[in-house]
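Take a look at the structure below.
The values are calculated or read from the model by the stated rules, or taken from the named source; none is laboratory data. In this text the structure is predicted, and so the values were computed from the model without any measurement. Cβ placement follows ideal geometry from the backbone for every residue including glycine, while neighbour counts extend to all protein chains displayed. Side chains included, ligands, DNA and RNA excluded: accessible areas come from the protein's heavy atoms. Shrake-Rupley method; radii C 1.70, N 1.55, O 1.52, S 1.80 Å.
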Amino acid sequence: MNQFGGDWTALKIEILVEYAKAYLTIMKKHIYWRTLYFDGFAGTGFIVRGKAENPELTIGAARRIVEIDKPKSFDGYYFVEKDAKNVKELRKNTQEAFPQKTIHIVEDDCNIKLSDMAEHLKKPKDQRNYDKVLSYIDPCGMQLDWDSLKKLEGVGADVWILVPTGMGVNRLLKKDGEISDKWIDKLERFLGLTEQQIKNFFFREKVELTLFGEETRVTKIEKAVQRAAELYQNRLGDVFEFVTEPFELRNEKNSIMYHLIFVSNNSAALKIATDILNKYKHQ
Ligand SMILES: C[S@@+](CC[C@H](N)C(=O)[O-])C[C@H]1O[C@@H](n2cnc3c(N)ncnc32)[C@H](O)[C@@H]1O
């Protein structure tokens, strides 16, 4: 484990902020580009953890990104948050706290707004202010639909994605392959695969000879969490030119909760992201 121990919440934000500063250093040289930040699951700007009587406060990604002034600020920020109460808090912690910055906050579903962004970035150059976007997709579960992400194919966006391999996908993959329709639907939407493709990937049929003859037993593959990350990484490779290795985010019990993956259509961006991930992996 690195210096963050099992504090994967703090770690993912550190990685994002380090990348954002490197990204802004490059963007500072390109004065014609409008540099935007898109956060699809923005939260409130602060993360409260621990017991109610002794809460531990961490500055959330949205606010950490807005706080960056050096090497430069982003030219605009677009925050999406579905929960009305969180939106109110987020306004206070970003828009009202930093009135000099251009911050848009929408109470909506990330999937809808990702599609809107993709449409905008696909417009001819003169209609989109030469926009370049750094995106952060940090859902609490499996709320990101594969079809929404797929719309970003070919656009000028770098994206950090938290993939809920351990606390999402793996939990829905029952050991005996008996998965409810509701969970199958969730897996299909999240992975953009059919039920059969999902079952073929994660399960094996074994024929065993018992006292009553041959019996077929369904078993889940070994290391399903890591295999889910590889699967998602491969799927991302069909949409973006460059994809990092999945980076494990573990909890205090050392279980993998998420894999963090970076995607881009720019090779220099991939190099920067990979260097940052390697640094934190080897600490
Ligand atoms: C893991 S938290 C984000 C934490 C945030 N990145 C931070 O650093 O503070 C996920 C947030 O996404 C919101 N959310 C859940 N489903 C959503 C959806 N479909 N679209 C947009 N926001 C959603 C939740 O209300 C929650 O605030």
>> Run the helix sum for the chain: -39,500 (n - 2.57) per DSSP H stretch of 4+ residues, divided by residue count, reported at 222 nm to the nearest 500 deg cm²/dmol.
In response: -10500 deg cm²/dmol
> For the chain, with only Lys/Arg (+1) and Asp/Glu (-1) charged at the beta-carbon, what is the dipole magnitude about the Cα centre, in debye rounded to 20?
Replying inline: 740 debye
> Which angle between 0 and 90 degrees, to the nearest 10, do you get for helix 8-27 versus the longest principal axis of the chain when only C-alpha atoms count?
Replying inline: 50 degrees
> Restricting attention to region 4-45, which chymotrypsin sites (Phe, Trp or Tyr not before Pro) occupy a DSSP loop and are surrounded by at most 11 other Cβ atoms within 10 Å?
Replying inline: Tyr32
>> 5 Å is the cut-off here: which amide hydrogens, built 1.01 Å from N in the peptide plane, fall below it relative to Arg250, excluding neighbours closer than 5 in sequence?
In response: Met257
>> Contact order normalised by length for region 77-168, with contacts defined as Cα pairs under 8 Å and 6 or more residues apart; what percent is it?
In response: 28 percent
>> Quick check on packing: order 47-54, 119-126, 273-280 by the mean number of other C-beta atoms within 10 Å, highest mean leading.
In response: 273-280, 119-126, 47-54
> In what sequence, highest mean first, do 232-241, 130-139 appear when ranked by Cβ atoms within 10 angstrom?
Replying inline: 130-139, 232-241
>> What percent of all Cα-Cα pairs in the chain falls into each 10 Å bin, going from 0 up to the bin containing the maximum distance?
In response: 6, 27, 34, 21, 8, 3, 1, 0
> Using a simple charge model, +1 on the beta-carbon of Lys and Arg, -1 on the beta-carbon of Asp and Glu, nothing else, what dipole does region 1-118 show about its Cα centre, in debye to the nearest 20?
Replying inline: 400 debye
>> Taking only Cα atoms of region 1-159, what ratio of Rg to Rh do you get with Rh as the Kirkwood inverse-distance radius?
In response: 0.96
>> Suppose a student asked you for the relative contact order of the chain, using Cα pairs under 8 Å spaced at least 6 residues apart; what percent would you report?
In response: 19 percent
>> Using each residue's phi in region 118-127, evaluate 6.51 cos²θ - 1.76 cosθ + 1.60 at θ = phi - 60° and report the 3J(HN,Hα) Karplus result to the nearest Hz, with x for Gly and Pro.
In response: 4, 4, 4, 6, 8, 5, x, 3, 5, 9
> Does region 94-133 classify as rounded, prolate or oblate by the C-alpha gyration tensor (a ≥ b ≥ c root eigenvalues; a/c under 1.5 gives rounded; else a/b over b/c gives prolate, otherwise oblate)?
Replying inline: oblate
> Put +1 on the Cβ of every Lys and Arg and -1 on every Asp and Glu Cβ in the chain; which of Ser115, Ile59, Gln226 then has its Cα farthest towards the positive end of the dipole?
Replying inline: Ile59
> How would you classify region 236-283 from its alpha-carbon gyration tensor, with a ≥ b ≥ c the square roots of the eigenvalues: rounded for a/c under 1.5, else prolate if a/b is greater than b/c, otherwise oblate?
Replying inline: oblate
>> If the only charges are +1 at each Lys and Arg Cβ and -1 at each Asp and Glu Cβ, what is the size of the charge dipole of region 136-216 around the Cα centre, to the nearest 20 debye?
In response: 200 debye
>> Quick check: the distance between the Cα centres of region 29-67 and region 202-276, to the nearest angstrom?
In response: 27 Å
> Is there a pair in Lys12/Lys72; Lys28/Lys150; Lys12/Lys70; Lys186/Lys223; Lys29/Lys122 whose C-alpha atoms are over 26 Å apart, and which pairs would that be?
Replying inline: Lys28/Lys150
> Can you give the accessible area per residue of the chain, in Å², using a 1.4 Å probe?
Replying inline: 52 Å²
